[in-house]
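The values are calculated or read from the model by the stated rules, or taken from the named source; none is laboratory data. Note that the structure is predicted; figures quoted are calculated from it, not measured. So basically every Cβ, Gly included, is an ideal-geometry build from the backbone, and we count neighbours across all protein chains shown. Protein only, heavy atoms only, side chains kept; ligands, DNA and RNA dropped before computing areas. Shrake-Rupley method; radii C 1.70, N 1.55, O 1.52, S 1.80 Å.
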Amino acid sequence: MKLYNTMSRSKEEFVPIKENTVMMYNCGPTVYNYFHIGNARNFIIFDTLRRYLKYRGYQVKFVQNFTDIDDKMINRANEEGITIKELADKFIAEYFEDADKLGVMHADVHPKATENIGPIIKLVKTLQSKGYAYDIDGDVYFDTIAYKDYGKLTKHNAEELESGARVDLDERKKNPADFALWKAKKPGEPFWKSPWGEGRPGWHIECSAMAMQYLGETIDIHSGGMDLQFPHHENEIAQSEAATGKPFANYWLHNGFINVDNRKMSKSLGNFFTVKDIIRKYDYEVLRFFILSAHYRSPINFSDALLESTKSGLDRLYECLLNLNHIVVYSEVSDSLEEEKAIIETIRETEISFVKHMDDDLNTADGISDLFNLVKQINLSDIKSKETAKLALAQFRKLGDVLGILHKEIQVEIPSEIEKIAKERDDARKNKDFKRSDELRDLLNEKGYLVEDSKEGYKIKIKL
RNA sequence: GGCGCCAUCGCCAAGUGGUAAGGCAAAGGUCUGCAAAAUCUUUACUCCCCGGUUCAAAUCCGGGUGGCGCCUCCA
């Protein structure tokens, strides 16, 4: 498959280091709050990549960290009057709750910065011994001038960064672009013992240390949100490659942002939504489907109207699954019929097209259009046999699973009580007692079932 | 100032050299006691503008206009 590599600014054929194995590291959340839909986009996109790589036969080792020590954690814990550990535990639990419902699988390892202080210190020591880091008053900085490749991911230049004038000016630093690997303890802050005194790790170093610790010195894919390109990933590359002399990651992948009113959703603009905000009104699955309906690198706008239309589209897919299920349960024809050959072929071809699309830099939008095209063909084809319906159903489930959607249980035994009411309603209809039949339809509705009349008779469907 | 992205139907969104996918909405049909359901059909001679390259461009090149992002905690 092809993946867009930020490092080369082009799509490249994906070739893992070890055949059939993929090592992925996704920069995870700082656990000081519920995560917002922008975070959700990142988790969902790279979860989908992971699922797709598995589907393509790779063994994927996926690591996603929890940043559980930094300024935001310290400030928030102080505000709440709880310990940093308590804060982290709470929002890690919240992370898993939302992630699970969004269909985001757990990583193979979810390392925490605070549990990897040893490897972090070791890495900083290595950098210092190689002359890429210097310490002042208990702080340790990375020397961006000493590392000549600094800025290669985002085409920044260490000397020129000063002209941006937005870099934190610290007179003690040799160069304004130099960044902290280790921060000396301040009063009231948590700390660990280190060769430079008591302190805590800088932000960037944890990802380098943990990626190496759990995946190796060179990994296949390193991913994160667009804004992590600079400085976070740039700094990770500098630290890691200066320390090991090897490439840190072969493919750098970045997802685009979610905008609100065409402006970036951000904390400073105050226009951000947490996942918890959204699911008061929409299913988690609608949110996931929405995010996958655009290419992962494009910015997407977010609004209620967009989610509404996304929901309608998802309903169309489920409607087709329900119709297929109805055939599986009620059809009297078991084996596929001769005249179903064409649709069986279409079902098969859907997967081929889906793979072609997903192979092209994870084009989920096109992958989804394959599902809709199949729906259209199925609706046109009048499937009669259980076998063909099962085939179609299985295809939707399989491809839906790659996208992390269409998991809802639709194969449900219709309880005899419900069957009875439906039958009664049908009898009432036949007797033109429409008042009674509408009452019974409402009753079924209350119990979670829909009844639809068609030429072949009535159909009972579970409400999703 | 440095680096980068985007502009395709009312809305969303694919397509990066071979003659405009898909979804939502809308309109019209089918079905129906009604339909709130379901389903079908239709809906961009055209891809922000102006040049150029080419047998051929939404797709490549140059210029313009408009919008956005990173360089600052942020996915």
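Out of the total accessible area of the stretch A:48-166 (probe 1.4 Å, heavy atoms of protein only), what percent is carbon and sulfur?
For the stretch A:48-166, the apolar C and S fraction of the accessible surface comes to 45 percent.
With the cut-off at 1.5 for a/c, could you classify the stretch A:416-462 from its C-alpha gyration tensor as rounded, prolate or oblate?
Oblate.
In percent, what relative contact order does chain A have, based on Cα pairs under 8 Å that are 6 or more apart in sequence?
16
Calculate how steeply helix A:364-381 sits against the longest principal axis of the alpha-carbon atoms of chain A, using the helix alpha-carbon long axis, and give the answer as 0 to 90 degrees to the nearest 10.
The two axes meet at around 10 degrees.
Keeping all protein chains in the complex and leaving out DNA, RNA and ligands, what accessible area do you get for A:THR30 with a 1.4 Å probe, in Å² to the nearest 10?
The value for A:THR30 is about 30 Å².
Using a 10 angstrom Cβ neighbour count of at most 10 plus a DSSP loop assignment to flag exposed GluC sites (Glu not before Pro), which longest range of chain A is free of such sites?
For GluC sites (Glu not before Pro) (loop position, at most 10 other Cβ atoms within 10 Å), the longest site-free span of chain A is A:172-331.
Using only the Cα atoms of the stretch A:133-230, build the gyration tensor, take square roots of its eigenvalues as a ≥ b ≥ c, and label the shape rounded, prolate or oblate: rounded if a/c is under 1.5, else prolate if a/b is larger than b/c, else oblate.
It is oblate, given that a/c is not under 1.5 and a/b is not larger than b/c.
Between the DSSP loop rule and a limit of at most 11 other Cβ atoms within 10 Å, which trypsin sites (Lys or Arg not before Pro) in the stretch A:397-436 are left? Mind showing how you got there, number by number?
Details: sites: A:ARG397, A:LYS398, A:LYS408, A:LYS420, A:LYS423, A:ARG425, A:ARG429, A:LYS430, A:LYS432, A:LYS435, A:ARG436; in loops: A:LYS408, A:LYS432.
Of the trypsin sites (Lys or Arg not before Pro), the ones in loops of the stretch A:397-436 whose Cβ has at most 11 other Cβ atoms within 10 Å are A:LYS432.
Under a 1.4 Å probe, what is the accessible area of the stretch A:304-403 per residue, stated in Å²?
Numbers: 4650 Å² over 100 residues.
Ligands and nucleic acids excluded, the result is 47 Å² per residue.
What are the residues whose amide H is under 5 Å from the amide H of A:ALA249, where those residues sit 5 or more places off or on another chain and H is modelled from the backbone?
Amide H to amide H, under 5 Å and 5 or more residues apart or across chains, A:ALA249 pairs with A:ILE219.
Accessible area per residue, 1.4 Å probe, Å², for the stretch A:416-462: what's the number?
On the way: 3150 Å² over 47 residues.
Accessible surface, normalised per residue, equals 67 Å².
Quick check: from the Cα gyration tensor, does chain A come out rounded (a/c under 1.5), prolate or oblate?
Details: a/c = 2.94, a/b = 2.10, b/c = 1.40.
Verdict is prolate for chain A.
Using only Cα atoms, tell me the angle between helix A:71-80 and the longest principal axis of chain A; keep it within 0 to 90° and round to the nearest 10.
70
Restricting to bridges with both residues inside chain A, how much of the DSSP beta-bridge set is antiparallel, in percent to the nearest 5? Walk me through the intermediate numbers first.
On the way: 23 of 46 bridges.
Here the antiparallel bridges make up roughly 50 percent for chain A.
Quick one: helix A:341-359 against the long Cα principal axis of chain A, what's the angle to the nearest 10°, folded into 0 to 90?
That helix lies at roughly 10 degrees to the long axis.
Is it possible to state the helix-based mean residue ellipticity at 222 nm for chain A, with each DSSP H run of 4+ residues giving -39500 (n - 2.57), the sum divided by total residues, to the nearest 500 deg cm²/dmol? What is it?
On the way: 14 runs with 206 residues, N = 464.
Mean residue ellipticity, 222 nm, calculated: -14500 deg cm²/dmol.
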